[in-house]
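Just below is one structure, and these are the notes that go with it.
The values are calculated or read from the model by the stated rules, or taken from the named source; none is laboratory data. Everything numeric in this text was worked out from a predicted model, so none of it was measured. Neighbour counts run over all protein chains shown; Cβ positions are idealised from the backbone, glycine included.
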Amino acid sequence: MASTGDASDTGDAGTAPCEPVVPGKGEERGGGPRLPDSAEGWRAYLADYSAELLRLLDELDLADATEEQRACGWLGYGGAAEGALASLEGRLGARLPPSYRSFLAASDGWGAISPFMWRMRPARSVDWLEGPEAGGVLKPQFVYEDGVLQGRALLVSGAGDAQYWLLDSGDVAPDGEWAAYIWASWYPGLGDRHRSFAELVAAERAGLHRLGRGE
């Protein structure tokens, strides 16, 4: 069931873009949608994914979706301006990983992105797990195991089904991508490692169909 959560975790109401978005056409090996690597790519990817989510998720999972978002077929918001992204990077003291930065440029926050995650944070409330914008929603001692992620976990989601999405600034690929994880109270620790934020979103999208939601 979706939770309304704190208002600071939501994007700007009324900014769901209703302009036509060209659906993604590329295919990755294995037949899945191409992983987005730009704001334009994310807009196309998320337009397709929004249609799937609106069709397949339970109404309770979509409880926070506005009438405008439903009418637009877009569960996100307007994109973050370059100034907002630069301000976030200045506050963090780090350059955002490419796929996550371009995601925010396409949609500054997001609603339901899987059956178990109902809110992605907008730029203004993204923070290190120990930072003030994180609001103490997830105690670090519940996440860190043998020092893993300590002092380097970026909280990018609100509360889902007792889970949070984290990016690891200490596990950086040559292209600048940060490893991504889901922490959930019902996992034995952190979930699977994903090479990037984009790969985590793609894995959750694939999981939507594995759960039988796509039938």
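A few points about this structure:
- Any hit, the stretch 135-143, residues being more than 22 Å from GLY41 (Cα to Cα), touching a Pro at 6+ places or on another chain (Cβ under 9 Å) and at pLDDT below 95: no
- Residue among ASP171, ASP175 that alone is under 20 Å from LEU138 (Cβ atoms), at pLDDT 90 or above and over 15 Å from the mean Cα position of the chain (by Cα): ASP171
- Residue within the stretch 143-155 that is part of a helix (DSSP H, G or I), farther than 20 Å from ASP37 by Cβ and more than 12 Å from the chain's Cα centre (by Cα) present: yes
- Scan of the stretch 195-212 for residues that are assigned to a loop (DSSP other than H, G, I, E, B) and in contact with a Phe, Trp or Tyr (Cβ under 8 Å, 6 or more places away or on another chain), ordered by number: SER196
- Every pair of residues 6+ apart whose Cβ atoms lie under 9 Å, when the first sits in the stretch 117-130 and is in contact (Cβ under 8 Å) with a residue 40 or more places away in the chain and part of a strand (DSSP E or B) while the second is surrounded by fewer than 20 Cβ atoms within 10 Å (Cβ to Cβ) and among the hydroxyl-bearing types (Ser, Thr, Tyr): none
- Residues of the stretch 41-59 classified as in contact with a Ser or Thr (Cβ under 9 Å, 6 or more places away or on another chain) and of a type outside the set (A, V, I, L, M, F, W, C), total: 2
- Residues satisfying the stated conditions in the stretch 89-102, i.e. within 23 Å of PRO174 (Cα to Cα) and either out of contact with any Asp or Glu (no Cβ under 8 Å at 6 or more places or on another chain) or not in a loop (DSSP other than H, G, I, E, B) (or both): GLU89, GLY90, LEU92, GLY93, ALA94, PRO98, SER99, TYR100, ARG101, SER102
- The listed residue being touching an Asp or Glu at 6+ places or on another chain (Cβ under 8 Å), hydrophobic (A, V, I, L, M, F, W, C) and surrounded by fewer than 23 Cβ atoms within 10 Å (Cβ to Cβ), out of ALA86, ALA80, ALA105: ALA105
- Here LEU56 meets each of (1) surrounded by fewer than 22 Cβ atoms within 10 Å (Cβ to Cβ); (2) more than 23 Å from ALA179 (Cα to Cα); (3) touching a residue at least 60 places away in the same chain (Cβ under 8 Å); (4) out of contact with any Gly (no Cβ under 7 Å at 6 or more places or on another chain) with one exception, condition (4).
- Residues in the stretch 92-123 that are at pLDDT 95 or above, farther than 20 Å from ASP37 by Cβ and out of contact with any helix residue (DSSP H, G or I) (no Cβ under 8 Å at 6 or more places or on another chain): LEU92, GLY93.
- Selection from the stretch 70-90 of residues that are in contact (Cβ under 8 Å) with a residue 40 or more places away in the chain and over 12 Å from LEU46 (Cβ atoms): ALA71, GLY78, ALA80, ALA84
- Exclusive hit being over 28 Å from ARG55 (Cβ atoms) and assigned to a loop (DSSP other than H, G, I, E, B), set ASP175, ASP161, ASP168, ASP192: ASP175
- As a summary of the residue check, TYR49 satisfies the conditions (1) buried (at least 21 other Cβ atoms within 10 Å of the Cβ); (2) closer than 17 Å to ALA180 by Cα except for the one numbered (2).
- ALA202 being at pLDDT 90 or above, crowded, with 19+ Cβ neighbours inside 10 Å and over 25 Å from SER87 (Cα atoms): yes
- Pairs with Cβ under 8 Å, 6+ apart, first in the stretch 142-153 and under 9 Å from LEU129 (Cα atoms), second assigned to a loop (DSSP other than H, G, I, E, B) and modelled with pLDDT of 70 or more: GLY151/GLU130; ALA153/LEU129
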